[in-house]
Amino acid sequence: MNDRNAKIRNILVPVLSVILGLVIGAIIMAAFGFNPVIGYQSMLNASLGNLRSIGETLRQATPLIFTALGFSIANSAGFFNIGLSGQALCGWLASVSLALVFPDLPKVILLPLCIIAGALAGALAAAVPGVLRAYFGTSEVIVTIMMNYIVLYLSTFILQGVMPESFRSSLDSSNRITENASLSMDSLSRFFGGSRVNAGLFLALFGLVVVWFIMKKTTLGYEIRAVGLNPNASEYAGMSSKRTIILSMVLSGTFAGLGGVVEGLGTYQNFFVQTESLSIGFDGLAVSLLGAGSSIGILLAALLFSILQIGGLGMQTGAGVPFEIVNVVIALIIFFVAISYIMRVLLAKIMPDKRKEEVVQNLESTSGNQDGKGGGL
């Protein structure tokens, strides 16, 4: 068991990743003639400067929490789910489509049905690579990447070729959903200065608690983590690795699908043609890695990424810094998270594990007391 220094190191790695990313980002800004102090001030003002900007920051963080939770579940089982974008898009399209089919149902019925439909659509999209991995040993990375493109172009075909014309406002966009299917909350929006923050935020916070409970307090969570650590040993212990693989991917897709639901029913209130994979999928992956897969870490990392993304627009208008600089800062943070092993080694030298040192010293002293005729009992 690691001592207090080991726990501190686990906290310091993501913190140092963020600090190093911001520092090098400042150096890049200065190298191109921009004032990094003014740039970061503009970022904070745009993302946290007033209630409306805070509301937009929370709104931006909401789908990232869901996709990050989805990735963390699959990652705990030892799988790299790159298909979060496609699974979120499935959730978006399914929830909005159901809302358009039954626009007059009471909100107490229609809204839960739309949320469930979006979650199930994401789960179904993730079940495909899960089944292929469990029974045929295919790489979930390749399959989920390909699934992103399949879902992307299939969603466009469904909107333009399958959805009735009465459901569309144009060839590239559906009608807006009715209030009965909307996640918008007028009181919440007014409190945050008219921002687009919606009830999806509360769903995301609830999702953080649900995932924590599943992974830490249930048999399923234990099996997922066990399979992730050693699938062969898990099989020997009586766990079905195939079942766990499929369930972990289904759960991952469920939460990714909910990320698309809050975009469709909350932020945009309709569905429209996507020209590329949803950014919330790949951003959610980075959020999960930065947050080390824990619920509290994901919450903090999602807020950070949201501040960077919302504030990046303010850097353009307030300090003239190109938005691409913000993307560089995000990429640097992800880079330092990716080399966390090196950072942990350096921190281990600065803050050594005292218990490990004691074990080594005891072994050395025991070895020194033995004679040349063999080890003592």
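The values are calculated or read from the model by the stated rules, or taken from the named source; none is laboratory data. Here the structure is a predicted model, which is why all the values come from computation and not from measurement. So basically every Cβ, Gly included, is an ideal-geometry build from the backbone, and we count neighbours across all protein chains shown. We work out accessible area using only protein heavy atoms, side chains counted, and drop any ligands, DNA or RNA first. Shrake-Rupley method; radii C 1.70, N 1.55, O 1.52, S 1.80 Å.
Computed values, structure above
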read-out: Search result, residues across segment 132-146 that are in a helix (DSSP H, G or I), more than 13 Å from Gln87 (Cβ to Cβ) and open to solvent by less than 60 Å² (accessible area, probe 1.4 Å); value: Leu132, Ala134, Val141
read-out: Qualifying residue in segment 7-22 (condition: polar (S, T, N, Q), touching a helix residue (DSSP H, G or I) at 6+ places or on another chain (Cβ under 6 Å) and at pLDDT below 95); value: yes
read-out: Residues of segment 172-200 that turn out to be open to solvent by 60 Å² or more (accessible area, probe 1.4 Å) and in contact with a helix residue (DSSP H, G or I) (Cβ under 8 Å, 6 or more places away or on another chain), as a count; value: 4
read-out: Residues of segment 89-140 classified as of a type in the set (A, V, I, L, M, F, W, C) and within 19 Å of the chain's Cα centre (by Cα), total; value: 12
read-out: Per-region count, segment 234-278, residues aliphatic (A, V, I, L, M) and within 17 Å of Val128 (Cβ to Cβ); value: 7
read-out: Single residue of Leu124, Leu120, Leu152, Leu110 found to be touching a Gly at 6+ places or on another chain (Cβ under 8 Å), farther than 30 Å from Ser240 by Cβ and not hydroxyl-bearing (Ser, Thr, Tyr); value: Leu152
read-out: Output for segment 18-69, where each listed residue is over 20 Å from Asp283 (Cβ atoms) and polar (S, T, N, Q); value: Asn35, Gln41, Ser42, Asn45, Asn50
read-out: Every residue from segment 148-171 that is closer than 22 Å to Ala256 by Cα and in contact with a helix residue (DSSP H, G or I) (Cβ under 6 Å, 6 or more places away or on another chain); value: Asn148, Val151, Ser155
read-out: Segments classed as helices (runs of 4 or more DSSP H), wholly inside segment 201-317, with at least 2 members that are basic (Lys, Arg) and either open to solvent by 20 Å² or more (accessible area, probe 1.4 Å) or in contact with a strand residue (DSSP E or B) (Cβ under 8 Å, 6 or more places away or on another chain) (or both); value: 241-262
read-out: Odd one out for Arg196, checked against (1) more than 30 Å from Thr244 (Cα to Cα); (2) in contact (Cβ under 8 Å) with a residue 40 or more places away in the chain; (3) out of contact with any Lys or Arg (no Cβ under 9 Å at 6 or more places or on another chain); (4) of a type outside the set (A, V, I, L, M); value: (3)
read-out: Index of the failed condition, Thr317 passing every other in (1) at pLDDT 85 or above; (2) over 28 Å from Val13 (Cβ atoms); value: (1)
